[in-house]
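All of the numbers you see were taken from the coordinates with simple rules; none came from a lab. Just so you know, these numbers come straight off a predicted model, no measurement behind them. Cβ: placed from backbone, ideal geometry, glycine included. Neighbour counts: every protein chain shown.
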Ligand code: SAM
Ligand code: SF4
């Protein structure tokens, strides 16, 4: 089945679906501020599959499972089983999926779960870690001052990286990456230690500018460390040369001249990349967002529950993508921060 992707008002094709499985998290990163409980009306397996298949029919070739913390969700495993079966069937829209990926904080990524993920066809894992020492990890996960907790969490994430690698996610093939949010005045001192850790482990590090997603994190522009500054600081330690940003990608990548691998910066504040954004986001309770910074989502539940209305869902998603003209990051300077807008743990990044 060959699919011609639906195109929006700015000529952007749909290419990636980010599906959040849960709004809950086992951490409480202050820049994200997840909910303690799920919203009402979580999508069931049938509804999740209907959304994914519709997105595939509209051009999605990549599915990123996220949250909240996706490994907290008991919906993850049955979904992966169905995806694995569908991807092998040429008549199934899931056959379109070239990349199946997961973003996790790694706390629950045991060796056994890493093997299960690999066996069920997951292609890539991204693990988030915002500090390379116990105090920073405690602070960035919302547990300030608790060094012992920070130590335990850091050890768990390092174990998760090891488990993912042992299960066959090869960082040299881009199958295992590290995400770090760098926040001025909070963990900017972790930039070099995190880069050193990633270099040591041959992982591609993605340095993310602190974003004004949600209404709870008290974002100010002063807390953003611009990507250019992060790169300049790294360059002073380990000279870099530009690789560039691939079409539709989020990260602008640089190569260490000494052969220490690649590092990327996700500069959605200072160097927005709305111009070729191909990402559709659907929350765990079935709201579709075409922009991280949108004020409100499109409620898909009436086409999903109690039973999916596949034709209706296709029509509403086609119309939503076709009518899309958002490019909030590019307009931020003119518009200011939107108010109110959806939370990150709800959208999934
Ligand atoms: N719990 C998982 C994790 O932490 O990887 C998946 C969900 S989390 C919302 C996805 C990504 O969004 C993480 O890498 C996290 O660091 C990033 N993130 C969350 N809030 C952010 C913010 N305000 N600015 C920039 N990145 C943010
Ligand atoms: Fe949880 Fe991820 Fe948000 Fe941190 S960034 S609170 S790990 S959902």
So the angle from the long Cα axis of helix 45-57 to the longest Cα principal axis of the chain, reported in degrees to the nearest 10, equals 90 degrees
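What ranking, highest mean first, results for peptides 27-36, 134-143, 214-223 when packing means the other Cβ atoms within 10 Å averaged over each residue? Working shown, then result.
Working: 27-36: 17.9, 134-143: 21.3, 214-223: 15.2.
Ranked from most to least packed, the peptides come out as 134-143, 27-36, 214-223.
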Between residue 98 and residue 77, what is the spin-label point distance in nm, taking each point 7 Å from the Cα along the Cα→C-beta axis?
3.2 nm
Rounded to 10°, Cα long-axis angle of helix 227-237 versus longest principal axis of the chain:
40 degrees
Can you work out the PRE-style zone for residue 3? Point 7 Å along Cα to Cβ, and I want the residues of region 276-304 with backbone N under 15 Å.
278-282
For region 179-249 and region 27-96, what is the separation of their C-alpha centers, rounded to whole Å?
27 Å
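I need the calculated FRET efficiency for the pair residue 133 and residue 28, taking r as the beta carbon distance and R₀ as 25 Å, to the nearest 0.05. Spell out each step's value before the answer.
On the way: r = 19 Å, r/R0 = 0.76.
Calculated value: 0.85.
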Dividing the Cα convex hull volume of region 267-321 by residue count, how many Å³ per residue is that?
86 Å³
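What does the helix-only formula give at 222 nm for the chain: each DSSP H stretch with n ≥ 4 adding -39500 (n - 2.57), the total divided by the residues, and the result rounded to the nearest 500 deg cm²/dmol? Provide the component values of the computation, followed by the final result.
Values: 10 runs with 108 residues, N = 349.
Helix-only estimate at 222 nm: -9500 deg cm²/dmol.
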Angle in degrees between helix 191-200 and the longest Cα principal axis of the chain, rounded to the nearest 10:
80 degrees
Given a Förster distance of 45 Å, the FRET efficiency implied by the Cβ-Cβ spacing of residue 298 and residue 116, rounded to the nearest 0.05, works out to 0.85
For a quick protection proxy, order the peptides 60-72, 265-277 by their average other-Cβ count within 10 Å, most packed first.
60-72, 265-277
Between residue 166 and residue 311, with labels modelled 7 Å along Cα→Cβ, what's the label distance in nm to one decimal, could you check?
5.3 nm
How many times 2.2 N^0.38 Å is the alpha carbon radius of gyration of region 200-349?
1.23
Which whole-number percentage describes the relative contact order of region 16-347, with Cα contacts under 8 Å and a sequence gap of 6 or more?
20 percent
Give the residues of region 219-239 whose amide nitrogen is closer than 18 Å to a point set 7 Å from the Cα of residue 258 in the direction of its Cβ.
231-239
Give the calculated FRET efficiency between residue 221 and residue 189 to the nearest 0.05, with a Förster radius of 30 Å applied to their Cβ-Cβ distance.
0.90
Debye equation applied to the C-alpha atoms of the chain, log10 I(q)/I(0) at 0.08 Å⁻¹:
-0.36
